[in-house]
Amino acid sequence: MSKQASLNSRSSFFEKVCHLISDLIIIVNSEKEIIFCNHAAEHMIGIKANRLIGENIFSFFSHTLPSAIDALNELVSSKQHSMTIETIIKPNTVSSIPIKLSMHKIHQRKHEEYFAIIAHDTTRSKILNEEKKERMLAVSALIESEERYRQIIHTIEDGYFEVDLKGNLTFFNDSLQRIIGYPKERMRGMNYREFIDDENAQKVFSTFNRVYKTGISEKAFDWELISADGSRHIIETSVSLMRQHDGKPIGFRGIVRDITQRKEVERKLRQSEERLRKFVNTAADIIWFANANGRITFINPAGLQTLQLKPSEIIGKHCFEFIHPNYRKKAAFFYLRQFAKRDPISYYEFPVSVGNETKWFGQTLQLIIDNEKVVEFIGIARDITKKKAFEEHLKQSEERYRSLAEFSSDIISEIDINGHYTYVSSNVYEILGFTPNEVIGKRFTEFVYSKDIPEAERIWNTKIPEFALRFIHKSGGFRWLDCASRIFKLSDGTERIVTISRDITERKKEEERIRESEMRLRLQQMALAELAKHESLHHGDVKAAFKTINIVACHILNADACGIWLLQKGT
């Protein structure tokens with residue numbers, strides 16, 4: 001074979017190979033004319049080869065690869081042998097295609113220069129890169145999600161576990177380890193039967209078996225666990241089935257919560273409710289509940305018995321219906337005011353018709369308020385009929401006592417243990433000139449005549465029950481009061497002194513006049529006795545006798561002069 005034939009053969013082989021390559025290949029001569037393009041170039045550009053051959057590469061690039069013109073010029077004018085850029089090609093039939101463009105300078109004999117232009121479609125590469133990027137983001141998100149999941153599992157207060165189908169622990173968090181109490185090394189592979197008794201083991205097995213057979217998760221079933229220190233904990237558990245990718249069951253996972261304290265609180269609450277129920281049902285007082293509209297929803301047995309009613313005759317009725325008609329409007333006003341003001345507790349007394357009689361009740365009413373809204377009433381009422389009767393009797397007795405005190409001519413007063421007036425009847429004004437308000441609150445010695453104060457203190461300290469003292473009058477002077485006192489105790493144990501004082505001033509004056517008369521009579525008798533001793537009365541000297549009588553009478557009677565009258569018998 002001749003050399004030319006060999007070259008032609010190699011050229012033909014080269015073209016066949018180039019046509020098999022999926023990348024665009026264009027060969028340009030030194031005149032910058034396209035002398036070869038493969039089939040890939042035709043498909044990528046959308047122009048047949050016979051139209052490209054002989055086309056000036058710059059003219060062609062201006063439409064299809066405008067961004068490569070500067071790069072090609074640089075390659076032609078420089079000493080570089082190759083250049084690669086990332087750009088896009090603009091075919092006539094489809095939208096722009098991202099490519100990796102390589103341009104190589106080829107030197108042939110006789111210093112001819114050729115340029116090989118190779119364009120690689122990077123669309124698939126970019127898609128793959130995007131897919132790879134998305135996969136990386138997905139993997140990163142998965143790793144982050146698993147990390148968050150792991151953090152949540154190990155930081156939640158509830159215990160988390162995974163067991164195989166035989167009930168052996170394959171994974172657990174710190175909270176479960178704290179609940180069970182064994183070291184982590186000991187717990188790995190530990191079977192659930194090792195920390196529960198037989199009764200609870202049967203309960204747990206039945207639940208897990210039901211989940212295995214039905215595939216339906218169980219939520220919040222309770223069982224009892226025995227921790228490492230022997231203490232018992234009530235556990236609330238939710239469990240679900242774990243499966244492989246092919247759906248085959250491989251174990252169970254679940255959440256456990258230690259509800260021992262909650263159960264203890266519930267137990268105490270039940271006991272408290274039971275005690276409250278017993279108290280309500282056995283209480284002697286009426287206990288009733290009503291809704292926000294005042295309709296009775298509950299009444300205890302004592303209420304039914306006291307009111308002589310059946311449950312059907314009171315449940316659902318309005319609470320005002322049982323108040324005596326004559327007092328209903330007044331009671332409604334009182335309770336509606338409590339309702340409007342949201343006063344939590346009130347006390348009110350009212351009568352109720354019970355059978356053929358009327359009974360009085362004292363009631364404490366409490367409002368149950370939620371979010372500033374009244375949702376319920378609770379009433380506790382007690383029969384106070386006897387108390388009311390006693391109060392009425394006491395009121396009448398006090399009224400009679402007050403009337404007696406006010407209309408009595410004597411002053412009636414009350415003094416506390418310190419000697420201060422707590423009450424004085426109004427007639428003190430008539431006797432001493434002071435009003436009751438001027439007396440009450442002051443000590444009794446402020447009204448005692450100054451010369452009698454020492455005697456008054458002695459009487460007070462020695463608790464003399466009956467005495468007479470001079471008391472000052474507001475206008476000046478004094479009045480004699482004859483007093484009788486008695487000590488009595490109030491219901492709260494404090495002592496009071498009740499004193500009845502009578503004005504004896506006139507009697508005292510009369511007694512003084514009588515004493516003066518008696519004194520004069522006594523002096524007269526003394527004068528006569530003295531005269532009988534004088535000699536002059538026995539010698540018949542009338543003048544001397546009268547003189548002696550006059551001197552003695554003036555001395556005895558403490559007078560400057562005396563007169564003597566002779567009276568004839570019968571005149």
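The values are calculated or read from the model by the stated rules, or taken from the named source; none is laboratory data. Small disclaimer: the values here were computed from a predicted structure and weren't measured. Reconstructed Cβ throughout: ideal geometry from the backbone, glycine too, with neighbour counts over all protein chains shown. Side chains included, ligands, DNA and RNA excluded: accessible areas come from the protein's heavy atoms. Shrake-Rupley method; radii C 1.70, N 1.55, O 1.52, S 1.80 Å.
Across K100, K219, the residue with the most accessible area heads the list, and the full order at a 1.4 Å probe is K219, K100. Under the simplified labelling scheme, the S227-L304 pair shows an inter-label distance of 4.8 nm, with each label point 7 Å from Cα along Cα→Cβ. Less than 5 angstrom separates the built amide H of Y449 from those of R470, F471, I472, all sequence-distant by 5 or more or on a different chain.
Find the centroid of the Cα atoms in the stretch 27-47 and in the stretch 222-269, then give the distance between the two in whole Å. The stretch 27-47 and the stretch 222-269 have Cα centres separated by 76 Å. In a fully extended conformation the segment linking C554 and I368 would gain 57.0 nm over its present Cα-Cα distance, using 0.36 nm per residue. Setting aside same-chain residues fewer than 8 positions from K16, which lysines have a Cα under 19 Å from its Cα? Qualifying lysines at Cα under 19 Å: K48. Scanning residues 5 or more positions from V424 or on other chains, those with amide H under 5 Å from its amide H are E414, with H placed 1.01 Å from N in the peptide plane. Between I504 and H473, the simple label model (points 7 Å from Cα in the Cβ direction) yields a spacing of 1.9 nm.
Using 1/(1 + (r/R0)^6) with R0 = 41 angstrom and r between the beta carbons of E516 and H393, what's the FRET efficiency to the nearest 0.05?
0.15
Couplings 3J(HN,Hα) for the stretch 173-189, derived from phi with the Karplus relation 6.51 cos²θ - 1.76 cosθ + 1.60 (θ = phi - 60°), are 9, 5, 4, 5, 4, 5, 5, 6, x, 7, x, 4, 4, 6, 6, 5, x Hz, where x marks Gly and Pro.
Take the cross-link list K79/K100; K341/K489; K79/K133; K132/K166 and give me the ones stretching past 31 Å between alpha-carbons.
Violating the 31 Å limit, Cα to Cα: K341/K489; K79/K133; K132/K166.
Between Q261 and D23, the simple spin-label model (points 7 angstrom out along Cα→Cβ) gives 7.2 nm. Karplus-based coupling profile of the stretch 426-437, in residue order and whole Hz: 5, 6, 4, 5, 5, 8, 10, x, 9, 7, x, 5, with θ = phi - 60° in 6.51 cos²θ - 1.76 cosθ + 1.60 and x standing for Gly or Pro. Extension gain, N291 to S82: 0.36 nm times the residue separation minus the Cα-Cα distance gives 65.7 nm.
Computed from the Cβ-Cβ distance with R0 of 45 Å, the FRET efficiency linking T358 to I417 stands at 0.60. One chain, two ends: R270 and V375. Fully extended at 0.36 nm per residue, the span grows by 35.5 nm beyond their Cα-Cα distance. Near M190, the amide H atoms lying under 5 Å from its own belong to L169; only residues 5 or more places off or on other chains count, and H is placed 1.01 Å from N. Note that the stretch 493-498 has calculated 3J(HN,Hα) couplings of x, 6, 9, 9, 10, 9 Hz, one per residue in order, obtained from phi through the Karplus relation 6.51 cos²θ - 1.76 cosθ + 1.60 (θ = phi - 60°); glycine and proline are x.
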